[in-house]
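**Q** Take this structure first; my questions come after.
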Amino acid sequence: MTEKKVRNLKNYINGEWIESKSTETIEVINPATKEIMVNVPQSTQSELDHAAQVAHDAFTDWSNTAVPKRARILFKYQQLLMENKQELAEIITKENGKSLNEALGEVQRGIENVEFAAGAPSLMMGDSLSSIATDIEGTSYRYPIGVIGGITPFNFPMMVPCWMFPMAIAMGNTFVMKPSEKTPLLVEKLVDYLEAAGLPKGVFNVVNGAHDVVNGILENEHIKAVSFVGSKPVGEYVYRKGTNNLKRVQALTGAKNHTVVLNDANLDHAVKDIIGAAFGSAGERCMAAAVITVQDGIYDDFIRKLKAEAEDIKMGNGLDDGVFLGPVIREENKARTIKYIEEGEKEGAKLLLDGRERACDEGYFVGPTIFEEVTPEMKLWQDEIFAPVLSVIKVKDLKEGIQIANKSEFANGACLFTDSASSVRYFREHIDAGMIGINLGVPAPMAIFPFSGWKSSFYGSLHANGKDGVEFYTRRKVVTARYSEPDFS
Ligand code: NAD
């Protein structure tokens with residue numbers, strides 16, 4: 001049998017797909033089948049510099065293009081993405097492993113970012129006050145800032161890039177994107193539709209690779225701002241180095257999300273949502289439910305239902321009908337997950353459902369795993385495992401649930417299941433989390449709101465999306481002007 005030749009991914013610079021000069025490559029593997037889909041070049045810093053120069057050269061024309069004209073390109077882009085949802089979702093499932101349903105949801109969330117950015121004419125409007133002193137008025141105008149660098153993680157190949165470049169270019173910036181080297185194929189497809197929508201050459205560029213390209217982005221003089229989404233250690237590095245080089249940086253990082261279930265919650269609803277939040281996308285979501293604290297009155301019923309539902313989960317290739325749980329992204333992620341399960345047992349947690357029993361070698365599969373009797377002293381509780389591993393803790397009341405959650409170094413999302421308005425208010429006021437869900441499992445905000453992690457889940461001041469996104473990708477001029485009375489004589 002002849003071996004199938006695997007193509008090398010190219011870089012997209014100045015409207016052309018260009019072969020990287022680098023001979024080092026990284027395999028992009030379908031995690032459900034272990035098939036090698038494509039090789040990603042480890043592009044060099046000088047290739048990044050070339051892309052940044054091109055983006056810099058394109059900036060003058062693009063930033064001078066009328067805002068409604070820029071917005072019209074995004075409207076066309078949105079239409080093309082809507083027409084090709086299925087194709088985009090299939091690419092995501094193949095390179096990332098999540099189920100087709102989850103992938104379709106991700107495509108929809110990405111499109112919502114394009115829709116929001118297409119409102120650029122209103123979003124970019126400034127403020128004015130006709131009289132700030134006698135005969136003096138004040139007006140502010142928004143302008144783009146230049147070339148933006150984007151660095152994205154593997155877990156949302158479409159949605160996370162769409163948090164960045166649609167808004168950045170709508171505001172008049174130009175862009176250099178470094179997609180995750182594990183899931184770079186979706187961005188390649190996005191380029192086709194950007195071209196078809198009429199985006200001028202040089203406005204959006206893609207340089208594939210890993211840390212050399214990231215360092216290039218952090219060092220290049222033309223890149224004025226960096227949007228990063230990924231793990232905490234890399235986000236910290238990107239934030240420190242980027243700001244040290246006097247760039248604007250927003251770094252959205254890791255998480256360990258807590259959910260509290262109170263005695264008055266609708267149990268069936270809570271269990272169903274928690275199953276989705278903990279095991280959907282194989283737990284590889286920055287908003288995944290990782291720790292559930294359950295009030296003692298419903299604890300036993302909750303555990304029984306949770307276990308039964310988790311055992312029923314269909315695992316397999318996300319392209320197959322009815323599959324809910326796909327693989328984790330790579331062999332090392334599977335090995336790491338299994339290690340956490342082993343360590344969890346050694347730390348003294350009680351294993352209620354063992355995902356190792358359903359682990360299989362066709363792809364990087366680990367079954368849903370549930371631990372009870374977990375404590376904040378355990379690594380199982382502290383670390384972002386980023387896999388289908390859930391910890392459950394019995395608590396006496398809401399206050400104890402919040403106290404436990406607030407010990408975490410992360411503070412991305414937190415959820416509460418209850419029927420009590422006063423508990424909702426207390427939770428909102430006392431929980432450390434930037435995104436809160438009430439009676440739902442994944443409180444990921446829509447594009448019009450900021451993705452607003454706290455503590456070690458975010459470095460910077462302006463988050464992605466919402467008005468923060470507009471602010472991050474623009475700068476202002478404030479004009480203070482004196483107009484004396486016209487001479488009517
Ligand atoms: P990662 O940090 O390994 O990679 C993210 C990006 O950084 C990739 O493009 C990668 O090439 C680059 N990178 C990795 N190591 C590097 C290094 N040593 N030097 C320079 N660049 C490097 O993250 P991942 O595994 O792709 O994604 C999962 C992580 O992303 C999880 O921690 C998850 O919580 C986080 N995430 C956070 C959010 C959020 O909104 N807070 C959203 C999605 C994912």
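The values are calculated or read from the model by the stated rules, or taken from the named source; none is laboratory data. Bear in mind that the values here come from a model prediction, so they are computed numbers and not experimental data. We place every Cβ from the backbone using ideal geometry, glycine too, and count neighbours over all the protein chains shown.
One line per residue, one yes/no per condition, for (1) of a type in the set (D, E, K, R); (2) within 21 Å of Ala278 (Cβ to Cβ):
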position: Ala66; (1), (2): no, no
position: Arg72; (1), (2): yes, no
position: Leu80; (1), (2): no, no
position: Asn84; (1), (2): no, no
position: Lys98; (1), (2): yes, yes
position: Asn101; (1), (2): no, yes
position: Gly105; (1), (2): no, yes
position: Gly110; (1), (2): no, no
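**Q** On to the next question. Inside region 74-176, counting only strands (runs of 3 or more DSSP E) that do not spill past its ends, which hold 2 or more residues that are within 13 Å of Tyr473 (Cα to Cα) and under 23 Å from the mean Cα position of the chain (by Cα)?
**A** Once the strands (runs of 3 or more DSSP E) in region 74-176 are filtered for at least 2 residues that are within 13 Å of Tyr473 (Cα to Cα) and under 23 Å from the mean Cα position of the chain (by Cα), what remains is 147-151.
**Q** Something else about it: All but one of (1) more than 13 Å from the ligand (Cβ to nearest atom); (2) among the small types (Gly, Ala, Ser); (3) under 24 Å from Glu331 (Cβ atoms) hold for Gly198, so report the exception by its number.
**A** Answer for Gly198: the failing condition is (3).
**Q** Here's something else I'd like to know. Quick test for you: out of Glu27, Glu19, Glu83, pick the one residue that is free of Cβ contacts under 8 Å to residues at least 40 places away in the same chain, over 21 Å from Leu194 (Cβ atoms) and surrounded by fewer than 21 Cβ atoms within 10 Å (Cβ to Cβ).
**A** After applying the criteria, what remains is Glu27.
**Q** How many of the residues in region 221-231 are surrounded by fewer than 22 Cβ atoms within 10 Å (Cβ to Cβ) and either within 12 Å of the ligand (Cβ to nearest atom) or at pLDDT below 95 (or both)?
**A** Total meeting the criteria: 1.
**Q** Of everything in region 405-450, what is among the aliphatic types (A, V, I, L, M), surrounded by fewer than 22 Cβ atoms within 10 Å (Cβ to Cβ) and in contact with a Pro (Cβ under 9 Å, 6 or more places away or on another chain)? Give them in sequence order.
**A** Ile436
**Q** Answer yes or no: is there a residue in region 430-447 that is over 23 Å from the mean Cα position of the chain (by Cα), among the aliphatic types (A, V, I, L, M) and in the same structural domain as Ile298 (by the TED database).
**A** No: region 430-447 contains no residue that is over 23 Å from the mean Cα position of the chain (by Cα), among the aliphatic types (A, V, I, L, M) and in the same structural domain as Ile298 (by the TED database).
**Q** Next up: Might you let me know whether region 452-468 holds any residue that is farther than 24 Å from Leu416 by Cα, among the hydroxyl-bearing types (Ser, Thr, Tyr), within 16 Å of the ligand (Cβ to nearest atom) and part of a loop (DSSP other than H, G, I, E, B)?
**A** Yes.
**Q** Only residues that are more than 17 Å from the chain's Cα centre (by Cα), closer than 25 Å to Arg356 by Cα and of a type outside the set (Gly, Ala, Ser): list them for region 243-278, please.
**A** Listed by number, the residues that qualify are His258, Thr259, Val271, Lys272, Asp273, Ile274, Ile275.
**Q** In this structure, is Asn208 within 12 Å of the ligand (Cβ to nearest atom), in contact with a Ser or Thr (Cβ under 9 Å, 6 or more places away or on another chain) and either without any contact (Cβ under 8 Å) to a residue 40 or more places away in the chain or polar (S, T, N, Q) (or both)?
**A** Taking the combined requirement at face value, the residue satisfies it.
**Q** Answer with yes or no whether Ala277 is within 16 Å of the ligand (Cβ to nearest atom), touching a Leu at 6+ places or on another chain (Cβ under 9 Å), outside any helix (DSSP H, G or I) and under 15 Å from Gly413 (Cα atoms).
**A** No, not satisfied.
**Q** Then there's this: Looking at the structure I just gave you, is Ala71 within 25 Å of the chain's Cα centre (by Cα), surrounded by 15 or more Cβ atoms within 10 Å (Cβ to Cβ) and in a helix (DSSP H, G or I)?
**A** Taking the combined requirement at face value, the residue satisfies it.
**Q** Can you name the residue in region 232-274 that is β-branched (Val, Ile, Thr), closer than 21 Å to Trp163 by Cβ and outside any strand (DSSP E or B) and, of all such residues, is farthest from the ligand (Cβ to nearest atom)?
**A** Only one residue fits best here, namely Thr243.
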